[in-house]
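Asks: Please find one structure pasted underneath; my questions will follow.
The values are calculated or read from the model by the stated rules, or taken from the named source; none is laboratory data. Since we're looking at a predicted model, the values are computed, not measured. Note that we place each Cβ from the backbone using ideal geometry, even for glycine, and neighbour counts take in every protein chain shown.
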Amino acid sequence: MFADRLKTVEEKIEKACEKAGRDRREVTLIAVSKTNPAEAVREAFDAGQRDFGENKAQEMVAKKEACPEEIRWHFIGNLQKNKVKYVVGNAVMIHSVSSVSLAEEIERIAAKKSVIVPVLAEVNIADESTKHGIGREDAIALVRAMGEMPHLSVKGLMCIAPPVEDPEENRGYFRAMRELKDEINALNLPGVSLSELSMGMSGDYSVAVEEGATLIRVGTALFGARHYPQD
């Protein structure tokens with residue numbers, strides 16, 4: 001049952017917040033519903049979950065139409081420019097802006113729809129060749145550029161840490177993300193005030209919370225193992 005798994009995750013978040021001296025209200029739990037049907041999302045909604053994450057634009061739109069309107073949808077996947085039109089106006093936040101050209105396309109569509117889009121800069125904090133995201137050394141330039149776009153609201157940073165057996169192995173990456181956020185805020189860039197850190201998944205969210213995560217993206221710990229469709 002989703003409700004039972006949600007209770008377990010919530011208890012771990014509470015414990016991590018207590019350990020770090022943080023208020024539980026500082027952390028938003030995003031249930032990563034990708035590959036799960038709308039029925040599973042509705043079950044999660046009935047259990048009290050309100051924030052959900054999707055990594056495919058059209059799948060997110062389809063689920064939004066089939067699920068309660070109170071749900072807050074977060075786009076967390078690699079966003080192709082030709083799919084931006086589906087995400088802008090439907091997602092409460094885009095977590096995965098990893099280039100100036102993508103940010104420019106989001107700005108263009110947002111201006112066309114007359115909306116302001118909350119965005120995060122995705123940072124490849126571990127410098128993994130298989131991961132999307134901008135390098136740490138280029139993050140400041142990306143954030144500065146986004147801050148100059150009137151239809152983007154630059155909220156913070158996002159990362160996907162490496163898959164590890166021991167979550168402690170990712171503590172340094174999460175700490176580096178927090179330090180990078182503080183470093184950028186200290187620059188007082190126009191249009192930029194970073195408050196959000198989207199980091200931590202099913203295997204390491206407790207450590208991420210201890211290191212300052214404000215948005216955690218939890219999938220399998222809430223929905224169980226994913227079942228990907230066969231080609």
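Asks: Just one of 161, 225 is hydrophobic (A, V, I, L, M, F, W, C) and either surrounded by fewer than 19 Cβ atoms within 10 Å (Cβ to Cβ) or touching a strand residue (DSSP E or B) at 6+ places or on another chain (Cβ under 9 Å) (or both); which is it?
Replies: 225
Asks: Going through segment 44-61 one residue at a time, which ones are loosely packed, with under 15 Cβ neighbours inside 10 Å and assigned to a helix (DSSP H, G or I)?
Replies: Answer for segment 44-61, where residues must be loosely packed, with under 15 Cβ neighbours inside 10 Å and assigned to a helix (DSSP H, G or I): 46, 58.
Asks: Note down all Cβ pairs under 7 Å where the first residue falls in segment 31-43 and is surrounded by 23 or more Cβ atoms within 10 Å (Cβ to Cβ), the second is part of a loop (DSSP other than H, G, I, E, B) and not β-branched (Val, Ile, Thr), and they're at least six residues apart or on different chains.
Replies: 31/49; 32/219; 41/33; 41/67
Asks: I would also like to ask the following. Return only the number of the condition from (1) modelled with pLDDT of 95 or more; (2) on the phi < 0 side of the Ramachandran plot that residue 126 does not satisfy.
Replies: (1)
Asks: Hey, another quick one. Taking segment 82-103 as the search range and keeping residues that are among the small types (Gly, Ala, Ser) and part of a helix (DSSP H, G or I), which one is surrounded by the fewest Cβ atoms within 10 Å (Cβ to Cβ)?
Replies: 101
Asks: Please enumerate the residues belonging to segment 164-199 that are in a loop (DSSP other than H, G, I, E, B) and either surrounded by fewer than 21 Cβ atoms within 10 Å (Cβ to Cβ) or aromatic (Phe, Trp, Tyr) (or both).
Replies: 164, 165, 166, 187, 188, 189, 190, 191
Asks: Something else now. Checking the condition under 19 Å from the mean Cα position of the chain (by Cα) and either under 20 Å from residue 160 (Cα atoms) or modelled with pLDDT of 95 or more (or both), which residue from 82, 78 passes?
Replies: 78
Asks: Which count do you get for residues in segment 104-133 that are crowded, with 21+ Cβ neighbours inside 10 Å and in contact with a strand residue (DSSP E or B) (Cβ under 8 Å, 6 or more places away or on another chain)?
Replies: 10
Asks: If I filter segment 62-76 down to residues being buried (at least 18 other Cβ atoms within 10 Å of the Cβ), touching a helix residue (DSSP H, G or I) at 6+ places or on another chain (Cβ under 8 Å) and of a type outside the set (Lys, Arg), which single residue comes out as farthest from residue 48 (Cα to Cα)?
Replies: Out of the qualifying residues, it is 75.
Asks: Note down all Cβ pairs under 9 Å where the first residue falls in segment 162-184 and is without any contact (Cβ under 8 Å) to a residue 12 or more places away in the chain and more than 15 Å from residue 210 (Cβ to Cβ), the second is crowded, with 21+ Cβ neighbours inside 10 Å and of a type outside the set (A, V, I, L, M, F, W, C), and they're at least six residues apart or on different chains.
Replies: none
Asks: Now for a different question. Which residue out of 115, 143, 119 is part of a helix (DSSP H, G or I) and hydrophobic (A, V, I, L, M, F, W, C)?
Replies: 143 is the lone residue from the list that is part of a helix (DSSP H, G or I) and hydrophobic (A, V, I, L, M, F, W, C).
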